[in-house]
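**Student:** Below: one structure in structure tokens.
The values are calculated or read from the model by the stated rules, or taken from the named source; none is laboratory data. Note that the structure is a prediction, hence the values are computed from the model and not measured. Virtual Cβ from ideal backbone geometry, glycine too; neighbours counted across all protein chains shown.
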Ligand SMILES: *Cc1c(COP(=O)(O)O)cnc(C)c1O
């Protein structure tokens, strides 16, 4: 069976802005500036303004954005960093690469995001930082999480890889924490044609440190003050991202409208639709429902050529690399989410007829 409705359609997104993207690419090729140049600087200014913070620093990926943010704040060996157990692996991987230890906290089952009480229960004398992931495009409870961070003097890093354009109590994702870490991987709401990432911050000294860390710890040629990385944002990706940024608001609104179609088409069925926290704007990076019949739904969709995905089948405390070192803690909500979640297609170029077709297939599978 060929796939008639994929999870994402990057080529269609390219065709939708082909003239502008081609022009941007040719402008960069003709300029001869390929790494750290005017396109990257302009994208940094544009993303900073969009998020509502003074500084943004481009880098190679969302994973590096997390790593560089933690290192810029001095997190390292001996420190503990609390992360939710139900997220993409990179959230914890970045912590481990600093030498610090990720400590897995359970999630709020309604939002799939880090639970503030679970976070507080994980705090020890060694805890230095918290990574709040805004999973599937919805912000974590940033007011409650910020309060825990203030009380225990912890650094707050937001993993905004899935949430560019989301907000919470009127502030955008990436504007709440000490750092906001973004990914422009081709599947994300703002997507490059390769790898790219960015870090937002309010603090000028952090921004300066980040600029050095992404460039071999150097801000003067051949003078290296820190051990850094080669994690620069290239000009071709920056130029493509600047074109696509002009459509982000519209595309996020489309995602919200399609989510509303799903809600109407799936109402009354024996499944849990995604909860929308009224305190914020959900940008539906994924439309993720919960059902104990999810494997049957998934099989029925596959038979009809409709893609679906399980994000994420194994929570981080059960990943071999972490679980083999010590017995996994008991995190019942993360385990339950991994057993029941199912994400349906929700790209910005999908039409409502496709959503209605998917809803009919889900309905048939459940009745
Ligand atoms: C995609 C993603 C990352 C990593 O971003 P890359 O650009 O792929 O390195 C980190 N955290 C979350 C939650 C993600 O979805």
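**Student:** Any residue that is surrounded by fewer than 24 Cβ atoms within 10 Å (Cβ to Cβ) and free of Cβ contacts under 8 Å to residues at least 12 places away in the same chain - is there at least one of those in the stretch 158-169?
**Tutor:** no
**Student:** Got at least one residue in the stretch 84-91 being part of a helix (DSSP H, G or I) and either in contact (Cβ under 8 Å) with a residue 24 or more places away in the chain or farther than 28 Å from residue 272 by Cβ (or both)?
**Tutor:** yes
**Student:** Kindly indicate which of 170, 194, 165 is more than 15 Å from the chain's Cα centre (by Cα) and under 19 Å from residue 249 (Cα atoms).
**Tutor:** It is 170.
**Student:** Something else about it: Name the single residue that is nearest to residue 143 (Cα to Cα) among those in the stretch 176-190 being crowded, with 24+ Cβ neighbours inside 10 Å and near the ligand (Cβ under 10 Å from one of its atoms).
**Tutor:** Residue satisfying both the conditions and the ranking: 181.
**Student:** Here's a check for you: in the stretch 244-278, which residue that is surrounded by 14 or more Cβ atoms within 10 Å (Cβ to Cβ), in contact (Cβ under 8 Å) with a residue 60 or more places away in the chain and assigned to a loop (DSSP other than H, G, I, E, B) is farthest from the chain's Cα centre (by Cα)?
**Tutor:** Among those that are surrounded by 14 or more Cβ atoms within 10 Å (Cβ to Cβ), in contact (Cβ under 8 Å) with a residue 60 or more places away in the chain and assigned to a loop (DSSP other than H, G, I, E, B), it is 269.
**Student:** In addition: Has the stretch 220-232 got at least one residue that is within 21 Å of the chain's Cα centre (by Cα) and farther than 18 Å from residue 159 by Cα? Can you show your working first?
**Tutor:** So the first thing to find is which residues in the stretch 220-232 are within 21 Å of the chain's Cα centre (by Cα), and the list is 231-232.
Still in the list and also farther than 18 Å from residue 159 by Cα: 232.
For the stretch 220-232, residues within 21 Å of the chain's Cα centre (by Cα) and farther than 18 Å from residue 159 by Cα: present.
**Student:** Output the number of the condition that residue 124 fails; it satisfies all remaining conditions of (1) within 15 Å of the ligand (Cβ to nearest atom); (2) farther than 29 Å from residue 208 by Cα; (3) part of a loop (DSSP other than H, G, I, E, B).
**Tutor:** (1) is the only condition that residue 124 fails.
**Student:** I'd like the full set of residues that are under 13 Å from residue 129 (Cβ atoms) and within 14 Å of the chain's Cα centre (by Cα), limited to the stretch 74-117.
**Tutor:** Once the filter is applied, which keeps residues that are under 13 Å from residue 129 (Cβ atoms) and within 14 Å of the chain's Cα centre (by Cα), the stretch 74-117 yields 83, 91, 92, 94, 114.
**Student:** Scan the stretch 72-97 for residues that are surrounded by fewer than 24 Cβ atoms within 10 Å (Cβ to Cβ), more than 18 Å from residue 286 (Cα to Cα) and within 15 Å of the ligand (Cβ to nearest atom) and report the count.
**Tutor:** The number of residues fulfilling the criteria is 3.
**Student:** Please tell me if residue 228 is part of a loop (DSSP other than H, G, I, E, B), away from the ligand (no atom under 16 Å from the Cβ), modelled with pLDDT of 95 or more and over 23 Å from residue 52 (Cβ atoms).
**Tutor:** Spelling it out, residue 228 is indeed part of a loop (DSSP other than H, G, I, E, B), away from the ligand (no atom under 16 Å from the Cβ), modelled with pLDDT of 95 or more and over 23 Å from residue 52 (Cβ atoms).
**Student:** Any residue at all in the stretch 140-152 that's within 12 Å of the ligand (Cβ to nearest atom) and under 29 Å from residue 273 (Cβ atoms)?
**Tutor:** Taking every residue of the stretch 140-152 in turn, at least one turns out to be within 12 Å of the ligand (Cβ to nearest atom) and under 29 Å from residue 273 (Cβ atoms).
**Student:** Please verify whether the stretch 303-326 includes one or more residues that are assigned to a strand (DSSP E or B) and surrounded by 15 or more Cβ atoms within 10 Å (Cβ to Cβ).
**Tutor:** Checked against the condition, which is being assigned to a strand (DSSP E or B) and surrounded by 15 or more Cβ atoms within 10 Å (Cβ to Cβ), the stretch 303-326 yields at least one hit.
**Student:** Among the listed residues 37, 32, 58, 62, identify the single one that is farther than 30 Å from residue 320 by Cα and either touching a strand residue (DSSP E or B) at 6+ places or on another chain (Cβ under 7 Å) or within 16 Å of the ligand (Cβ to nearest atom) (or both).
**Tutor:** Of 37, 32, 58, 62, the one residue that is farther than 30 Å from residue 320 by Cα and either touching a strand residue (DSSP E or B) at 6+ places or on another chain (Cβ under 7 Å) or within 16 Å of the ligand (Cβ to nearest atom) (or both) is 58.
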